[in-house]
Amino acid sequence: LRSQGQGVEDSLRGVLTAVLMSPQFSYRYTEVAAGPGVHRLPQDALATRLSYFLWSSLPDEELLKAARAGRLDDAAQLAAQTRRMLKDDRVAAFAREFFGQWLRYRDYLVKDPIIAEVFPGYTDELRQGMFEEPARLATYLIQEDRPITELLSSDTTFVNGVLAKHYGGGIEQRYREQVGQWQSKHKRSSDVKPESVWHRVDGLREAGRGGLFGMGVVLTANSAGERTSPVKRGFWTVHHLLGQHFPPPPADVPELPASEKESKLSLRELLAEHVENPKCAMCHVHFDGLGLVLEGFDAIGRARTKDFNGRPIDVEAKLPNGESGRGISGLIEYVESHRRKDFVRTLCRKFLGYALGRSVVLSDQPLLREMEVALEADGFRFSALFETVVKSPQFRQHRGQD
C-alpha cells in the first residue's frame, strides 16, 4: 500500500480493516478437509471447540498443551480435561449462556416486560440479581456434579442482599445468618459491602419456592406488564422446559386486561371464560393449570396471598393429567412424577445443539438416546451429560468439504 502512494496512516488503516473484516478474525474458523469423508477435528480445533463449549472463551495453556501433545484424540484424556474445566470458575459462562438461551431469559435485562413504575423497589440492582440467580445455581449443580433434576426441585439457591430482601421470609433470614458469618471472617480484611456478596441459602421448599419455578427471573420474564400471566408461565413450563409444541393462537382471541385493577373478575375467572371457546381450550388445557399454581407470586416474583384488588389468591389448579396440584410443590411433583422423561429429553436436545453450535438433526437421534441412557445410569448427574457429548463422533469429527 505504501508503494502505491498511500501514507503511513492510510496504509495501516487498510491493513487493520483487512484483519477486522476477515472470517478468521470474526469467527471461530476451522479449516475443513477436502473430500467427501468424515475427519477428526485437528487437535487445536478440538481444544477450541471444548473451551468455547464449557467456558465461552479461549483454551487455557493446559488444554493447549494437551492438544499440542496429541492427547485429545484419546477419549479418556478428553474426558479428564472436561472434568478439570468443569471445576473451573469459568464454567459459569456455560451456565449463563446455555440456560439463558434454553429457558428464554437471556435477554431479560433488555426486554423486561414489567412496567417498573407500578412496582416500587423494582430496581436495576434487583433485576441484575434476578438475572444472575439461575446461572449461579446451575454452576453450583455442575461443579458439585448434582443431578440435572435438581434444576426442578432444588431446595437451595444463591442470593445477594437485594434479592434476599425481595424474597423475604425464611430466605432473607437465612441470608442474614450467612452474612453474619461472612462478616465475622472478613471484618478486618475486606472493604466489600456485605449486602453485595452472594451466599447459598437452603429452605426454598419451606418458603413455597423451589428450583427454577420459584426464581424471580422466570416468574417476572413470564409476566405481563402490570400483572401476572398464568398463560405465559404455564406455556413456558410445558413448551420451553418440557418441549411440547402448539400451533399459534387464533387471530381473533380477545386480550386479557392489562391490569388486575381493570377487571371485576380474577385472572382465574377470566381464563375460565377464555377457554370456553373449544379452539382455545384444546391448547390451554395443557398449560393454564401449570401457570395458575404459580399465582402465589406477583408479576415480579414476590410471594403474595391477594391480588391487586385484594381478592384472595387460589394456588390450586387442575393439571394436564387431570389431577389437582397446589403451588410450586404441586408443580414440581407433577413434572417429576409424570413429565420427567420430557424434561430430560428436552434438556438433552438443547444441550447437544448448544455443544455443537448447530441444530439437532435426525442422524443425532442415537446420540440423544445415548445421552438419556447415560444420565439414567449415573443418577442423572451432570457429568454424564458432558462426557457423553464430548466423547461423541459429532463433537470430535467433522465432514469434509464435499
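The values are calculated or read from the model by the stated rules, or taken from the named source; none is laboratory data. What you see is a predicted model, and the numbers here were worked out from it, not measured in a lab. When we count neighbours, we look across all protein chains shown, and the Cβ atoms used for this are built from the backbone with ideal geometry, even at glycine. These accessible areas exclude ligands, DNA and RNA; they are computed on the full protein's heavy atoms, side chains included. Shrake-Rupley method; radii C 1.70, N 1.55, O 1.52, S 1.80 Å.
If you filter the range 295-322 down to residues that are of a type in the set (A, V, I, L, M, F, W, C) and not in a loop (DSSP other than H, G, I, E, B), you find that the one that is surrounded by the fewest Cβ atoms within 10 Å (Cβ to Cβ) is Ala303. Restricting the range 235-263 to residues that are touching a residue at least 60 places away in the same chain (Cβ under 8 Å) and of a type outside the set (S, T, N, Q), the residue that is surrounded by the most Cβ atoms within 10 Å (Cβ to Cβ) is Trp236. Name the residues in the range 356-392 that are hydroxyl-bearing (Ser, Thr, Tyr) and either under 18 Å from Ser51 (Cα atoms) or open to solvent by less than 30 Å² (accessible area, probe 1.4 Å) (or both), would you? Listed by number, the residues that qualify are Ser383, Thr388, Ser392. Test Val201 against the stated conditions and say whether it is outside any strand (DSSP E or B), farther than 22 Å from Gly325 by Cβ and either open to solvent by less than 50 Å² (accessible area, probe 1.4 Å) or in contact with a strand residue (DSSP E or B) (Cβ under 7 Å, 6 or more places away or on another chain) (or both). In short, no. For the range 269-310, which residues satisfy the criterion of being more than 28 Å from the chain's Cα centre (by Cα) and on the phi > 0 side of the Ramachandran plot? Answer for the range 269-310, where residues must be more than 28 Å from the chain's Cα centre (by Cα) and on the phi > 0 side of the Ramachandran plot: just Gly310. Highlighted here are the helices (runs of 4 or more DSSP H) found entirely within the range 336-397 that include at least 3 residues which are of a type in the set (Val, Ile, Thr): 382-390.
For the range 348-360, a tally of residues being under 14 Å from the mean Cα position of the chain (by Cα) and under 13 Å from Ala374 (Cβ atoms) returns 2.
If you go through the range 52-86 and pick out every residue that is under 19 Å from the mean Cα position of the chain (by Cα) and either open to solvent by 20 Å² or more (accessible area, probe 1.4 Å) or not aromatic (Phe, Trp, Tyr) (or both), you end up with 5.
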